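Take a look at the structure set out below.
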Amino acid sequence: MQVVTWRKSSQSVEGTSSQCVELAALPSRVGIRDSKAPEAGHLMLDRRDFRALLAELKR
């Protein structure tokens, strides 16, 4: 079983933002979850799709 380390953005300051996500880097995928409700599950994207998501969000 692989241990997954979730990381929150350095731009996210505890208690000041209600819309934060956490990311987990896996060998071929990236996990995304809501930092306020990690027990609610997560989304897994392959790295290509994750890059496309980031490009779309930046537009």
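Checked against (1) surrounded by 10 or more Cβ atoms within 10 Å (Cβ to Cβ); (2) of a type in the set (A, V, I, L, M, F, W, C); (3) at pLDDT 95 or above, residue 55 passes all but a single condition, namely (1).
Applying the set (1) exposed (fewer than 10 other Cβ atoms within 10 Å of the Cβ); (2) touching a helix residue (DSSP H, G or I) at 6+ places or on another chain (Cβ under 7 Å); (3) modelled with pLDDT of 95 or more to residue 28 leaves exactly one unmet item: (3).
Could you tell me whether the stretch 41-49 includes any residue that is touching a helix residue (DSSP H, G or I) at 6+ places or on another chain (Cβ under 7 Å), at pLDDT 90 or above and surrounded by 13 or more Cβ atoms within 10 Å (Cβ to Cβ)? Walk me through how you get there before you give the answer.
Initial filter on the stretch 41-49 (touching a helix residue (DSSP H, G or I) at 6+ places or on another chain (Cβ under 7 Å)): 45.
Subset that is at pLDDT 90 or above: 45.
Remaining after also requiring surrounded by 13 or more Cβ atoms within 10 Å (Cβ to Cβ): 45.
Within the stretch 41-49, one or more residues are touching a helix residue (DSSP H, G or I) at 6+ places or on another chain (Cβ under 7 Å), at pLDDT 90 or above and surrounded by 13 or more Cβ atoms within 10 Å (Cβ to Cβ).
For the stretch 7-19, check the following and say yes or no: at least one residue is at negative phi, modelled with pLDDT of 90 or more and under 12 Å from the mean Cα position of the chain (by Cα). Can you show your working first?
Of the stretch 7-19, the ones at negative phi are 7-14, 16-19.
Those still in the list that are modelled with pLDDT of 90 or more too: 7.
From what's left, under 12 Å from the mean Cα position of the chain (by Cα): 7.
Checking the stretch 7-19: at least one residue is at negative phi, modelled with pLDDT of 90 or more and under 12 Å from the mean Cα position of the chain (by Cα).
The values are calculated or read from the model by the stated rules, or taken from the named source; none is laboratory data. Keep in mind it's a predicted model, so treat the numbers as computed, not measured. All Cβ positions, glycine included, derive from the backbone under ideal geometry; neighbour counts span all protein chains shown.
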